[in-house]
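Written below as structure tokens is the structure these notes are about.
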Amino acid sequence: MLKSVGTGALGLGVGAAVYHWLDQYIVGTRSADGAAAVAAVSDSGTDRIDLTEHTSLKLVRGVFSRDRLESLRSRDDVAFVQPDHILTRVSTQAEDGTAQTLPWGVDRIGGDVAHAEGATGSGVDVGVIDHGIAAGHADLEENLADPDVETNHESWVDCQGCDQPWGDDLGHGTHVAGTIAAGDGDGGVVGVAPDATLHALKVCGGAGGCRTSAIAEAIRYAADQEWDVINLSLGSGQASPALQAAGQYALESDVLPVAAAGNYGRPDSVGYPAAYDEFVAVAATDIDDELAGFSSTGPEVDIAAPGVEVCSTVVDGYAAQSGTSMAAPHVTGAAATLLADGYTPTEARERLLETAEDLGMADTDQGAGLVDVAAAHGYESGDGTVDRPRCPS
């Protein structure tokens, strides 16, 4: 997530296009008749997101006048009406370095200890709901699900200049993917779960905006594919019952959703969807085990993870980036290693929380504490002292 949303793209369209962009809504309905009624009064084409296999809701996205919105809200079979919000990534980019390294975050949470004991996430499928993943990156290509299988990856937005429609035209999704599951090879970096399988679910364009409706569809897609865990390093300060419903759908499908807490840097500011109980909300810490100044706090925080100047993969190499966007994939990778050992999503979540390292902060800052993948598997972690080597060039 970023602290603000770029609006430059709006100036490129004609009036009708801007109207379509700004006035899209998601309506949650409890009946087929309700969904049909919503679709019938939309001023544009509609998209439907059927969550009824695991919830009571069908979601309908469309463009509606103010009068029609009021009429829809009055229906007994309409659960909610919400704008189709833009969610953004929660990260900032730092400088590239020049040396090969074990990223300090993976080191700090005992990733190298877990790897040495064979806890690497083998056989676990991870959905990365983000800007896409760079298909040709040397650190990721071995763990990227086969691009020739159509259902392995999906995109809801166009990718500019990419080899694949689900490719990454910004670098954020690739950075997240590297922290989760960069392969343990001879060079580059290594992720928390270096043998997990990555699936790109591209919901964000190069300008940074990520539509709520696309995110909800991506969550359902991952659940319907029976993948194991999903990472959402994105969010908004605006509540979204649509994303809460999608999170419920994921959990009922035995998929664990992990989300960045947000970069608002003040009390009671955890963003959505992380603020919902269905999601594991991840705050960010720095190399000195202090809460990152930008990290959102509040009672919804479940756990903390490294999120300041984290080295990982980007489209054209490697970079250090900061944000709760960078913290969440540490937890996603840790969850993947437990799921590979046969834990259910609920059990994996509970295990990560009960073995987290208490950093002496308030629960509203750190949740249960700093994620500790080694301890989650019953291994001794290090003493907490780590170095910050430079990123590979």
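The values are calculated or read from the model by the stated rules, or taken from the named source; none is laboratory data. Note that the structure is predicted; figures quoted are calculated from it, not measured. Positions of Cβ are backbone-derived with ideal geometry, glycine not excepted, and every protein chain shown enters the neighbour counts. To get the accessible areas, we keep the full protein, side chains included, count just its heavy atoms, and leave off ligands, DNA and RNA. Shrake-Rupley method; radii C 1.70, N 1.55, O 1.52, S 1.80 Å.
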Q | Members of the stretch 352-380 that are farther than 20 Å from A181 by Cα, surrounded by 15 or more Cβ atoms within 10 Å (Cβ to Cβ) and out of contact with any Pro (no Cβ under 8 Å at 6 or more places or on another chain) | A | L353, T355, A356, E357, L359, M361, D365, Q366, G367, A368, G369, Y379
**Q.** Residues of the stretch 292-337 satisfying the condition of being of a type in the set (V, I, T) and modelled with pLDDT under 95
**A.** V315
Q: Within the stretch 32-46, track down each residue that is under 29 Å from the mean Cα position of the chain (by Cα) and either more than 13 Å from R61 (Cβ to Cβ) or not small (G, A, S) (or both).
A: T46
Q) From the list V124, V106, which residue is open to solvent by less than 20 Å² (accessible area, probe 1.4 Å), at pLDDT 95 or above and farther than 20 Å from A284 by Cβ? A) V124
Q | Pair list, Cβ under 7 Å, 6 or more apart: the stretch 23-44 residue farther than 18 Å from Q244 by Cβ, other residue open to solvent by 30 Å² or more (accessible area, probe 1.4 Å) and in a helix (DSSP H, G or I) | A | V41/R68; S44/H20
Q.
Which numbered condition in (1) farther than 20 Å from D365 by Cβ; (2) in a loop (DSSP other than H, G, I, E, B); (3) open to solvent by 50 Å² or more (accessible area, probe 1.4 Å) is the only one that Q244 fails?
A. (2)
Q) Of (1) open to solvent by less than 20 Å² (accessible area, probe 1.4 Å); (2) modelled with pLDDT of 80 or more; (3) part of a strand (DSSP E or B); (4) not basic (K, R), F80 satisfies all except one. Which? A) (1)
